[in-house]
1. May I ask you to verify whether Leu221 is open to solvent by less than 40 Å² (accessible area, probe 1.4 Å), at pLDDT 95 or above, hydrophobic (A, V, I, L, M, F, W, C) and outside any loop (DSSP other than H, G, I, E, B)?
2. Contact list please: Cβ distance under 9 Å, first residue in region 145-174 and in a loop (DSSP other than H, G, I, E, B), second residue among the β-branched types (Val, Ile, Thr) and open to solvent by 70 Å² or more (accessible area, probe 1.4 Å), pairs at least six apart or on different chains.
3. Say whether the condition of being part of a helix (DSSP H, G or I), of a type outside the set (Gly, Ala, Ser) and within 21 Å of Val338 (Cβ to Cβ) is met by at least one residue in region 18-37.
4. Would you check if Leu236 is assigned to a strand (DSSP E or B), aliphatic (A, V, I, L, M), in contact with a Ser or Thr (Cβ under 6 Å, 6 or more places away or on another chain) and at negative phi?
5. Could you give every pair whose Cβ atoms fall below 9 Å, whose first residue belongs to region 20-33 and is surrounded by fewer than 15 Cβ atoms within 10 Å (Cβ to Cβ), and whose second residue is among the small types (Gly, Ala, Ser), counting only separations of at least 6 or pairs across chains?
6. Under 8 Å by Cβ, and 6 or more places apart or on different chains, what pairs join a residue from region 1-17 that is at positive phi and modelled with pLDDT of 95 or more with one that is surrounded by fewer than 19 Cβ atoms within 10 Å (Cβ to Cβ) and assigned to a helix (DSSP H, G or I)?
7. Can you name the condition, by its number, that Val193 falls short on among (1) within 24 Å of Asn136 (Cβ to Cβ); (2) among the β-branched types (Val, Ile, Thr); (3) open to solvent by 40 Å² or more (accessible area, probe 1.4 Å)?
8. Any idea which of (1) under 30 Å from Phe189 (Cα atoms); (2) in contact with a Ser or Thr (Cβ under 8 Å, 6 or more places away or on another chain); (3) open to solvent by less than 10 Å² (accessible area, probe 1.4 Å) is the one Pro145 doesn't satisfy?
Amino acid sequence: MKTVNGQEVIQVFEAWSPKKLACMDNDPIGLAIGTLNKPVSKVLVTLDVNEAVANEAIEKGCELIIAHHPPIFRRLANIRTDHPAGRLYEKLIKHDIAVYAAHTNLDVAEGGVNDLLADALQLKNRSILEETYAENLLKLAVFIPTANAQALREALAKAGAGRIGDYEACSYTTTGEGRFRALAGANPFVGSVGELHVEEEVKVEVVFPESIKGRVLKAMLTSHPYEEPAYDVIRLEQQTNVMGLGRVGYLTKDMTLQQFAEFVKQQLDVPAVRVVGDLQSKVSKVALVGGDGNKYIYAAKRVGADVFLTGDMYFHTAQDAQAIDLQIVDPGHHVEKVMIAGVAKKMAELCEDKKYLVEFIQSTIHTEPFLFV
């Protein structure tokens, strides 16, 4: 096993939940406090960062905290250590505990907050509620001597090119003739300087998402025998890696709204929920958004959801939902606590695969501010 620093831990995290997935303007994600340029052996995973969580991190010897809710959400005018927020920041800095926040990017990521909520509710046949991210597909067409084509195809596949749905190493090859004349100063792989050369070549074509363009081109150039490979990179109309906020799915069995509300309380471990709608109506199709999903009621209605589960439902938005005959179950914002166990488990698995010697600890601090009486 390899000892690691904070940068290496976060590189693993961002490969799973990259910052580019964030879908809120100026979402304060990333490193919020401290430095990642230090050894890290224990990471505390938490929904929120308050003084009790900071004390927990100190007690358990954690050098890094990964949180869902950013500890610095609004622009700071000052850091006064006689105020609660300033006292928190001071404590974290004095104990050299870094804090990294993954907010809406973790909501969108596959296996992130919204998928974890859908897992808890056992939703099947899932889809995205609202698309927020997609990448353009690019096509690489490269010309290479026939004898070198297989090594090129293998290198491109290893770099991630040629992935289409549930298939990998997809490519297309056509045969032909390549012609060129090497000029003075060249060092041709085939042919001679000053002579027109004809070579049996193939054209290998592969598609790949734009985000890995650099990696794919590097693999192509490294594995190609020519000094100056001939190739085209073409932007396609198709998109890939479509991701988004919220999930839509079906319950394993139909319920009444009353039964669904009780099911939510049980599965998400909350003492109470707020409900809009007829308690005896049937619920089968569920849309959900972790946290504040008020602006997605019309998206939930468009996909034909019987009920929309989200937190922090505003009074007037609840009236709007009622007017469009959309039922609501609001279990509160704190149900996003599902990310604590989910992130700790996912990161432990990813780091185990890399043989990283780092432990992910689930915070046990209850950060729900509301009491239900």
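1. The answer is no for Leu221.
2. Pairs found: Cys170/Ile164.
3. From region 18-37, those part of a helix (DSSP H, G or I) are 19-21; that's our starting set.
Now narrow it down to the ones that are of a type outside the set (Gly, Ala, Ser): 19-21.
Remaining after also requiring within 21 Å of Val338 (Cβ to Cβ): 21.
Looking for residues that are part of a helix (DSSP H, G or I), of a type outside the set (Gly, Ala, Ser) and within 21 Å of Val338 (Cβ to Cβ), one finds at least one in region 18-37, hence yes.
4. On the way: assigned to a strand (DSSP E or B): yes; aliphatic (A, V, I, L, M): yes; in contact with a Ser or Thr (Cβ under 6 Å, 6 or more places away or on another chain): no; at negative phi: yes.
Here the answer is no, as Leu236 does not meet what is asked.
5. These pairs meet every condition: Lys20/Ser211.
6. none
7. So the condition that Val193 fails would be (1).
8. Of the numbered conditions (1) under 30 Å from Phe189 (Cα atoms); (2) in contact with a Ser or Thr (Cβ under 8 Å, 6 or more places away or on another chain); (3) open to solvent by less than 10 Å² (accessible area, probe 1.4 Å), the odd one out for Pro145 is (2).
The values are calculated or read from the model by the stated rules, or taken from the named source; none is laboratory data. For clarity, every value in this text was computed on a predicted model and none was experimentally measured. Every residue, glycine among them, receives a Cβ derived from its backbone with ideal geometry; neighbour counts consider all protein chains shown. Accessible surface is based on the protein model in full, side chains and every heavy atom, while ligands, DNA and RNA are left aside. Shrake-Rupley method; radii C 1.70, N 1.55, O 1.52, S 1.80 Å.
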